[in-house]
1. In this structure, is Ala532 free of Cβ contacts under 8 Å to residues at least 40 places away in the same chain, surrounded by 14 or more Cβ atoms within 10 Å (Cβ to Cβ) and touching a helix residue (DSSP H, G or I) at 6+ places or on another chain (Cβ under 7 Å)?
2. Considering only residues of the range 688-738 that are touching a Pro at 6+ places or on another chain (Cβ under 6 Å) and in a loop (DSSP other than H, G, I, E, B), which is nearest to Val415 (Cα to Cα)?
3. Taking the range 359-375, which residues are open to solvent by 30 Å² or more (accessible area, probe 1.4 Å), in contact (Cβ under 8 Å) with a residue 24 or more places away in the chain and not basic (Lys, Arg)?
4. Among the listed residues Ala6, Ala64, Ala71, identify the single one that is in contact with a strand residue (DSSP E or B) (Cβ under 9 Å, 6 or more places away or on another chain) and among the small types (Gly, Ala, Ser).
5. Taking the conditions exactly as written (under 23 Å from Thr280 (Cβ atoms), surrounded by fewer than 14 Cβ atoms within 10 Å (Cβ to Cβ) and within 29 Å of the chain's Cα centre (by Cα)), does Ile155 satisfy them or not?
6. Return the only residue of Leu603, Leu653, Leu593 being surrounded by 17 or more Cβ atoms within 10 Å (Cβ to Cβ) and over 30 Å from Pro328 (Cα atoms).
7. Taking Val218, is it β-branched (Val, Ile, Thr), open to solvent by less than 10 Å² (accessible area, probe 1.4 Å) and either out of contact with any strand residue (DSSP E or B) (no Cβ under 7 Å at 6 or more places or on another chain) or assigned to a strand (DSSP E or B) (or both)?
8. Restricting to strands (runs of 3 or more DSSP E) lying wholly in the range 569-683: which have 3 or more residues that are modelled with pLDDT under 95, over 28 Å from Ala419 (Cα atoms) and over 20 Å from the mean Cα position of the chain (by Cα)?
Amino acid sequence: MGVRLARLEDDRLITGRGRYVADIHLPGMLEVAVVRSMFPHARLTGIRTEEARQVEGVVGVFTAADLAGVAPVPDFYSWARGVGTFPLARDRVRYVGAPVAVVVARDRYAAEDGAELVEVEYDELPVVASIDAALAADAPKLYDEWPDNRIVQAIADNPEADRAFEGRRVVGGTYTMQRHTAVPMETRGAVADARDGRVTIWSSTQFPHIARTMIATVLGLPERDVRVVAPDVGGGFGCKAEVYPEEYLAAWLARRLGAPVRWIEDRYEHLVSTGHARDTRIRLEAAVRDDGTIAALRGAIQQDVGSGEIYPAGFNPAFVAMGSLTGPYRIQEQRIDVECVVTNKTPSGAYRGFGIPEATFATERLIDRIGRELGIDPVEIRRRMTLEPEELPFESASGAVIDSGSHRAALERIVELVAAAAGEERSRHASQPNLRIGVGVASYVEGVAPTYYATSGRWTSQDAAAVRFDPDGSVTVSVGVSTAGQGLATMVATLTAESLDVPIERIRVVMGDSDVSPYGLGGWGSRSTILAGGAIVKASDVLKDKAVRIAAHLLEASVEDVALERGRFRIRGSPETSVGWDEVATTALVRTLDLPTGMDPGLEALATYDIDVDHVPNARGRMNACATYTNATHGAIVGVDVETGEVRVLRYLVAHDCGTVINPTIVEGQIHGGVAQGIGGVLWEELPYTPEGQPQATTFMDYLLPTSAEIPAISIEHFESPAPGTAFGAKGAGEAGIIGPAAVIAQAVESALSEFSIPEITETPVSSRQVLAWIGRTKGAE
């Protein structure tokens, strides 16, 4: 623990020996192409498949009418309106990219040729393409049985928050984060094979057991007859924490055709049919004291969730944003409404950060506005509100119990580092007259290892680990969490080695297979270290207890006199007398005649671990939804070219606290990757739609991603405030990096352009075109 171990999985992956869904080849495998709607809203009046069936190599064309035995995806949410998602559109399409039919052929070329010949007749319907359009009094409804286009509406009631506004200055603003999405290197994919009465699905999923349950439910199969395997996954970032139509279809097609089938998403499909994210507007007001600190917040969060046809549903990021607004600050009360609407866009789902970047952007921008209006340094306002160690645990206005952290120390360290770095950058670029240097600082708190009930309406929070010794003392540990490339195998092996005092090279890790991994909820929400770690510790304690009794018997000593030290079981006071795990395991599994009288053979244990969280709000509407809370402060130095409008992030600094750091290299890798995604989200990435509902970014020519050339040097300093309620004091770190960039870079751009009196930045992305417009407006006024 705490050692910079090289990731165990890297040698295999970087030498091309990884196995992704697209690498799976089965005898007689057929290829699938999906026919997708080109209309954002229309009734299906006919589908003609005759020509497609005549294409050489095509073995079948299927529409919703053919899906015998398939049920709609259950709507588990009692607090949201149901959408009745079906794997293929039955009578209506609600977004460009909606699956209408599938063509199965002996190769992908024939499948694509066949898909082009499927003729679909549409009767176009009026389109709803924005939050305001969805809420208009005369808005067309996406679901005829609904009274309006609200999928969720939660009106808050908090008289204490209202009273906090009485007699105080009110400062407010509206903050918008654009629609964008996760873009993993590996697109989605599914391979299915049905044999011996069972169906096996290989999927690039973040949660194999949840996928298994959903596929079995929709196809009407016993779960024992469904196996889901997540092989190597080339990035997930939340967009693979959904069960998509193609996974149900692959399983159904394999059973129907009696042959394995494969579907691999192309990049166009990814941009129009994989879950989108963000697209959130936050209206926020603060009751401000004379010293600039905030007594209470009130406002509303509105999210455009697209058509809503996705599971798990995409509205919970709005609730997470509501619960994250107060960050690391001493803000006692809030009253925040949540409203999520459906539109004729691709359904929204999960994306790294899951509502917290949106909340952080709004709150940090509001603090900067308060500073300007009151003439107080915004950093000083943050100082006055930031939680101090002696105040912890602290219950936030939304009910989050912040149990530990280094909120003030992280802030002060970044303020110090940013000041020094800004001076260096100004000196370095002094010869560039068109470049303006600006700085930004922003803080946040991130809830980690949350309940999944609010997101899924079904699952809660537990996970499991099974630890098994072989006779030679080697260990196999299987876990219910699963990896999407974040170094999880190394983490699991490290925690197992730490728990059992076994060399890490003697440990084998198994995950991502519903047949051989214990039932768990997968990898999302920065939960894996906490949940897998807790289960590993519980299972290891059982094994150590049994092993001590076996060792005591072999050493002819009392159990109380034997302890595990440096990988061997030793008699206290006689360290030269000992037995190792190999001898204990051989006794438990092979030479069972040497076991203590009455002890059963075997040396393995299964443990399930859960966390103490609220799954539903209490009577006041508050809930402590997460096991613990990380914190960080980010700092950025940007350069803005006033001739081109280009914004370059010159330096990026992070003071981060995820409790006990298990492997600094992996934690830093997660933060680096998250910061890179956050920079892309604030400056370039966008999924715009026309008012007619047509997506405008369907290739990488239109959807702009940062490359290594656009990502600056990133400096990270670790603070360690162990969580009191988790194994090893660890907190999750997978989503932290992406939370700060929008807030900190917006502030830095304003700082850089202070001479031009640009308007407050309240929306992302902050594009070069927008920067030039602001500068031009100022110059024109002069």
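The values are calculated or read from the model by the stated rules, or taken from the named source; none is laboratory data. Model, not experiment: these values are computed from the prediction. Virtual Cβ from ideal backbone geometry, glycine too; neighbours counted across all protein chains shown. Protein only, heavy atoms only, side chains kept; ligands, DNA and RNA dropped before computing areas. Shrake-Rupley method; radii C 1.70, N 1.55, O 1.52, S 1.80 Å.
1. Numbers: free of Cβ contacts under 8 Å to residues at least 40 places away in the same chain: no; surrounded by 14 or more Cβ atoms within 10 Å (Cβ to Cβ): yes; touching a helix residue (DSSP H, G or I) at 6+ places or on another chain (Cβ under 7 Å): yes.
Criteria not met by Ala532.
2. Out of the qualifying residues, it is Gln696.
3. Glu373, Leu374, listed by residue number.
4. Working: Ala6 fails: in contact with a strand residue (DSSP E or B) (Cβ under 9 Å, 6 or more places away or on another chain); Ala71 fails: in contact with a strand residue (DSSP E or B) (Cβ under 9 Å, 6 or more places away or on another chain).
Going through Ala6, Ala64, Ala71 in turn, just one is in contact with a strand residue (DSSP E or B) (Cβ under 9 Å, 6 or more places away or on another chain) and among the small types (Gly, Ala, Ser): Ala64.
5. Values: under 23 Å from Thr280 (Cβ atoms): yes; surrounded by fewer than 14 Cβ atoms within 10 Å (Cβ to Cβ): yes; within 29 Å of the chain's Cα centre (by Cα): yes.
In short, yes.
6. Details: Leu653 fails: over 30 Å from Pro328 (Cα atoms); Leu593 fails: surrounded by 17 or more Cβ atoms within 10 Å (Cβ to Cβ).
The conditions single out Leu603.
7. Working: β-branched (Val, Ile, Thr): yes; open to solvent by less than 10 Å² (accessible area, probe 1.4 Å): yes; either out of contact with any strand residue (DSSP E or B) (no Cβ under 7 Å at 6 or more places or on another chain) or assigned to a strand (DSSP E or B) (or both): yes.
Considered against the rule, which asks whether it is β-branched (Val, Ile, Thr), open to solvent by less than 10 Å² (accessible area, probe 1.4 Å) and either out of contact with any strand residue (DSSP E or B) (no Cβ under 7 Å at 6 or more places or on another chain) or assigned to a strand (DSSP E or B) (or both), Val218 comes out as yes.
8. On the way: elements: 574-580, 604-609, 626-641, 647-657.
Counting at least 3 such residues, we get 574-580.
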